[in-house]
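The values are calculated or read from the model by the stated rules, or taken from the named source; none is laboratory data. None of these values were measured; they are calculated from a predicted model. Glycine gets a Cβ as well: all are built from the backbone with ideal geometry, and neighbour counts include every protein chain shown.
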Amino acid sequence: PSQLSSTVMANIHTSISLNQKNSGDISAVAANLLLDEKQRDQLSMLKVGEAIVRLSDRFLTPFMIKTDIVPIKEQTVTDAAIRDRTAAPGDGCSAYSQPETPQIRPEPADSANDKLTDDEIKILGDIMEYPFIGVAKRYKRLFLSARKGNDLKEALAGRGIIETEEINTGNANLVLLKPTDAGLKLARELGIEHKKVDYRASLEHEYWRHKAANFCKALGYQVAFEVPVNGNADIVARKADLAIAIEVETGKNNILYAVGNIKKNLTKGFERVISLVSDGAFLERLRLQLKEENLDSDERIKTLPAHQFCAGKTDNKPD
């Protein structure tokens, strides 16, 4: 799929994807199917007969199907017959044969506990325990100078254990540290537990999801994450008889996907659906799309900047 041009991909009406293994193909198919970051991993986990489908009309949200397995009929031409038919004297031999070049395989990343220094283990553990604080605050918490903290950060990043992610909090840019898959594996080996963070999503998405959840809790709401709603709602907040679905949009998904999130929650019967957007340009496009679909006047729907909602401004409270 990654070899197909964007023109070809844009003119496909029905997209059906089976299991994908190549990272480039996964990215291309995920973009074509409008899968978000949490869903794209499913492309490499599909079993035989399972597929993800997206139509260009009627059903804008991708869905999964399971097909019947049809056994292949017994071959009428054997492999031996093909070899006898195609083989020629001297096949497989050459007077100019070169010795096989040995393959150099990259060494796996260090995973033994004793390969990390005490300071490196300390900063990895702090990242797992407090995923949403910036590097400056983290260094101060651990009594590290900026130079020492940066040296540790670069050492862990250079070994593929952590990576950085920068997000806009509305007032400034915040640099967060995030464990890679190798870092998560190493943390488990070290017995380090982590908070309930879905590292399949971007850390920006998880940052705003937890900020919004904490804000709702402070207002007396009962909060649940990833509640199934013909898909999953990022947050469901409840107080008395009021049930609110909250979706976090970072601008990395398609506009139609964001609108689809709102529609599915309305269909489920939530009294209020709030879309929190961390990207200003994406928020404007979302509002325009809602207007085109005559949803801008629906009082159940709120589209808000994520940082303003989480700051607790009076006019942006859930209810």
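Worth pointing out:
- Those strands (runs of 3 or more DSSP E) lying entirely in the range 168-240 with at least 2 residues of a type outside the set (A, V, I, L, M) and free of Cβ contacts under 8 Å to residues at least 40 places away in the same chain: 222-228, 232-239
- Selection status of residue 278, buried (at least 17 other Cβ atoms within 10 Å of the Cβ) and of a type in the set (Gly, Ala, Ser): yes
- Sole exception among (1) in contact with a strand residue (DSSP E or B) (Cβ under 9 Å, 6 or more places away or on another chain); (2) at positive phi for residue 167, by number: (2)
- In the range 122-149, of all residues being out of contact with any helix residue (DSSP H, G or I) (no Cβ under 8 Å at 6 or more places or on another chain) and assigned to a helix (DSSP H, G or I), the one that is farthest from residue 198 (Cα to Cα) corresponds to 147.
- If you filter the range 1-60 down to residues that are hydroxyl-bearing (Ser, Thr, Tyr) and within 26 Å of residue 203 (Cβ to Cβ), you find that the one that is modelled with the lowest pLDDT is 2.
- Some residue of the range 179-187 being surrounded by fewer than 18 Cβ atoms within 10 Å (Cβ to Cβ), acidic (Asp, Glu) and over 28 Å from residue 35 (Cα atoms): no
- Test for residue 251: is it assigned to a loop (DSSP other than H, G, I, E, B) and in contact (Cβ under 8 Å) with a residue 24 or more places away in the chain: yes
- Residue 150 vs. criteria farther than 24 Å from residue 306 by Cβ, at pLDDT 90 or above and loosely packed, with under 15 Cβ neighbours inside 10 Å: yes
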